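The numbers here are math on the coordinates, done by the rules we state, and not lab data. If you're wondering where the values come from, they're calculated on a predicted model, not measured in any experiment. Note that each Cβ is placed from the backbone with ideal geometry, even for glycine, and that neighbours are counted across all protein chains shown.
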C-alpha cells in the first residue's frame, strides 16, 4: 500500500479544512489508515491556513515532516510558496493561480512575489507544478465556496481513490442544497486539471 | 453506534468517550484547543451541557454534579485551569462521589494562546491522577477508565491533551455504547468530606496521600500503559503525541508508552529500564516524566537534547537525536537556492467586523497611524493608553490599527487600566474588553474600579457572541449551549447596577457616534463604560449591498486603508473594494471615513456608468 502525504494550504475562509476532511474521510472509506491535522492561528478569517493529510497503511505522526510532502494543493499561490520547503523532490504541486494579496501588500509595505519567482521557488522541489485559476473557473457557480471542491477535483486525479468514493465523502459533508453545485465544481476540477500544460 | 470506524478529532473522541462512559453533565468555557469537546457532547439530548461564565464556575458546577450522583465532565484550555485552579484544588481535597473528569487542553507552540505552560504539573500539585491520550482512539478509550478511576479512588481525574491531539483527526473504532451508571441523583450530607473547615480539611489531608499510594499501585496494571519491545539498545519512554513522532524517529527501538502519567508506574518503568541499554524520554514541554523518573534513581536523558520550548515534530526530534548521537545525523534534504522573503499573512479582523470602527477611532485619537501617502512626520506618541483583553479584538494590536497596548489574560484589561491610572501616568487610560470576556472575568475588576474610585474608561465590545473560538453563546446572548432560549444578562443593567452612572451604548457601525461618546468619556472625570454594540459579521446572513470606490472622486489618500479591512484592496495605486468580501450596507465604515465621499453603494457606480 502506497503512502500519500498531502499538504493543503490557503487563506482562512477558503475551505481548506473541509477539503482536507473530505480527503481524509474518502481515504478511510477506501481502507487506508488516515491522520489529518490543521494548523491555524487565532481568529476566524484571513490568516494563513495549512492542513496535513497523511494516508497509508499505518500512519504515526499527524504532522508531515518537512521535505516529505508528495502532493501540495494550494488554494492561493502565495500560500503555495510559503510551504514549498515541505515538498519532497519530485513532488506534485497544484496551485490556484489567483492571488489574494495580504494587507501588508495592499498597504505597500511588502511585495507579492511574481509568478516567475513562485514557479522557480516551488520548482526547487516539485517536478510538476500545475497552475490553474480555480477562482475564475468556479465563478460560474456563483459561490466562492466552490473553490475548495474544484481544487479537490484537481487533486483527486493523483490519488488512487475511486470517483464514487470522493462523491460519497463530499455528499456526506455538504448540505443537500449545496450538494449538486459542489459535485459540479469537483467534476470541473477533475476535468480541467487534465488540460493544464506543465 | 457500536463497532463503527470513524475519523474523529481528539476532542470529538474525548466527548464521545465521556458520553459512552455515562457522563450526565458537561461544562466548559470556550477556549482553543478545547472548545469542540463541549460542542460535540452538547449534541446529545441525554446530557446536560452548559457554557459556564468561566472555567472556575464550570469546575464548580461539575463538582456539584459529581457530589450529587452524576458523572461530570469539565473541559478547558490550559490557561482555563489557572482560572479554575481554586475549585480544582478543592475538588482534589474533598474528593467526589460520582466520577469527575477535568480535561485540560494545552497549547504547545502557542498556536492560539497567550502563553505556553505544561499543565501536567497540576496533577502533581493537586495530587490527582492524570491520563494523556496519544491519538483519538486512546482519547476515546481512556474516558471510560478516567471515570472508573475517579469513582474508585474518590478523586477528580485530570485528562491532559494538547492542540495536536485535540485538533488531529485519526481513526477510531467505536466499540461501546452509552452506559449510564445506576445511581440516582441525590446528595449525601457528609460534613467531614464536603465542608472544608480547617478541622475537616486537616482530616482530608492524609487521605490524599493515601490515595496517591493506592493510585501508584493501580498505575502498574493500568492497561493503557504499554510496552512495545523492539531492539534493546534503546528504550524510549514517552506519552501523548510525542509517542507518534518518536515511533517515526526510532522505528527499531523499544517503547514504554505511558497513558497514565501521574502517578507513574514505578515498577513498570524500572523493569523497562533494566531491559534496555539506554533510556531516553521524549516529551513535549517540561521534563515532567524525565524528572520524576530521575527521582527514582534511574539514569535517563531527554531534555539535554529535546527542546523544552514549543511544539515537537518528527523533524525536531530527529535532528536533536542526531546531534545526541542516537540516530544518524540527517542532512538537509534540499539545498535552498531561492529563498524568497514572502509577505506575512496574519489573521485580520473580518470585513464588516464590529470592532473595526471603535479601533479606528481609538487609533486616530491616539494618533497611532498615518495614511500610506502621508508625507512628513512619523506618527506622534499615542495620547491614549489602551489596555486590551483576549478575543478577536486582540487583532486590533496589529497595523494599521495599532490600537492595543497590553493583553495579558482574560479580564486583565480593567485591572491593568486602573493600576496604570493609580500609578499616576498622565495619559488617559482606556480598557477594551469583549462581551464574553467581560462576563468571564471583567465584572469583578469593574466593581473594584467603582469601589476604588477609578476614572478609567471601559469599552465593552458587544458582538453578542464568543467569536474567536467559533461563535459560542454566553450569558449575554440568552441562548444555552444546547440551543435553548434562556435568560439574557443585559450588560447596561449590570454595569449600572454596580453604581456606574456614565454608561453609553453606541452602534458599532456609526463612526461619528463612537467618536462623540469616546471623546465625552475621556473628558469626564468619572469612571465610564461604553458598550459598542454590533453583530459579528460572520453571523450576519442578511443580504447587503456592497460598496464600491468612485475612482473619479478618489484621490488615493489611503485613509480607508487604515481600517485594515480585508475587502479594501489596491492595485496600481488605485484602491478598490472586493465585492465578494465587502459586508456592504451592514457596515459602511469605509464610506463614513472617506473624506471625499468616494465610497458609494455599488449600484450607484453602475448607474453612473450606464448613463
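Averaging Cα coordinates gives a centre for segment B:476-535 and one for segment B:394-469; these two points are 13 Å apart. In a fully extended conformation the segment linking residue B:125 and residue B:487 would gain 126.5 nm over its present Cα-Cα distance, using 0.36 nm per residue. Under 14 Å from a label point set 7 Å out along the Cα-to-Cβ vector of residue A:99, the amide N atoms of segment A:63-88 belong to A:76-81.
DSSP assigns beta bridges within segment B:226-323; of those with both partners inside it, close to 25 percent run antiparallel. Does segment A:35-85 come out rounded, prolate or oblate, given a ≥ b ≥ c as the square roots of the eigenvalues of its C-alpha gyration tensor, rounded meaning a/c under 1.5 and, failing that, prolate meaning a/b above b/c? Taking the square roots of the gyration eigenvalues as a ≥ b ≥ c, segment A:35-85 is oblate.
Which of the three applies to segment B:547-610, rounded, prolate or oblate, going by the alpha-carbon gyration tensor with a ≥ b ≥ c and a/c under 1.5 meaning rounded? Taking the square roots of the gyration eigenvalues as a ≥ b ≥ c, segment B:547-610 is rounded.
Helix B:136-153 and the longest principal axis of the Cα set of chain B meet at an angle near 60°. I'd like the FRET efficiency for residue B:185 and residue A:173, computed as 1/(1 + (r/R0)^6) with the beta carbon distance as r and R0 of 45 Å, rounded to 0.05. Once the sixth-power term is evaluated, E becomes 0.70.
GNM, chain A, Cα, under 10 Å: largest mean-square fluctuation among A:116, A:68, A:76? Result for chain A, Cα springs under 10 Å: A:116 fluctuates most.
Mind checking the angle between helix B:85-94 and chain B's longest principal axis? C-alpha axes, 0 to 90 degrees, to the nearest 10. The two axes meet at around 30 degrees. Between residue B:425 and residue B:309, the contour length at 0.36 nm per residue exceeds the alpha carbon distance by 38.2 nm.
Rounded to the nearest 500, the helix-only mean residue ellipticity at 222 nm of chain B stands at -10000 deg cm²/dmol, with each DSSP H run of n ≥ 4 adding -39,500 (n - 2.57).
The angle between the Cα long axis of helix B:356-365 and the main principal axis of chain B comes to about 70°, on a 0 to 90 degree scale. Extension gain, residue B:603 to residue B:453: 0.36 nm times the residue separation minus the Cα-Cα distance gives 48.8 nm. Highest mobility in the GNM of chain A, judged by mean-square fluctuation with C-alpha springs under 10 Å and restricted to A:75, A:141, A:186, is found for A:141. Extending 7 Å from Cα along the Cβ direction at residue B:526 and again at residue A:3 yields two label points whose distance is 6.9 nm. Beta-bridge orientation, the protein assembly as shown: approximately 35 percent antiparallel, per DSSP, counting only bridges with both partners inside. Between residue A:128 and residue B:192, the FRET efficiency from the beta-carbon distance, with R0 = 51 Å, is close to 0.10.
A Förster radius of 56 Å combined with the Cβ-Cβ distance from residue B:152 to residue B:579 puts the calculated FRET efficiency at roughly 0.35. So the label point goes 7 Å from the Cα of residue B:114 along Cα→C-beta, right? Which residues of segment B:438-464 then have their backbone N under 14 Å from it? It comes to B:438-443, B:445, nothing else. The modelled label-to-label distance between residue B:228 and residue B:516, using points 7 Å beyond Cα along the C-beta direction, is 6.8 nm. For the residues of A:62-71, the average number of beta carbons from a partner chain within 10 Å of their own beta carbon is 5. Compute the Cα gyration tensor for the protein assembly as shown, then decide on rounded, prolate or oblate, letting a ≥ b ≥ c be the square roots of its eigenvalues: rounded whenever a/c is under 1.5, prolate when a/b is larger than b/c in the other cases, and oblate in all that remain. Oblate, because a/c is 1.5 or more while a/b does not exceed b/c.
Spin-label pair residue B:177-residue B:296: with each label point 7 Å from Cα along the Cα-Cβ axis, the two points sit 4.1 nm from one another. In segment A:4-195, the DSSP beta bridges split such that about 50 percent are antiparallel, to the nearest 5.
Largest GNM mean-square fluctuation across A:30, A:126, A:93, computed for chain A with C-alpha springs under 10 Å, falls on A:30. Segment B:82-156 and segment A:90-128 have their alpha-carbon centroids 44 Å apart.
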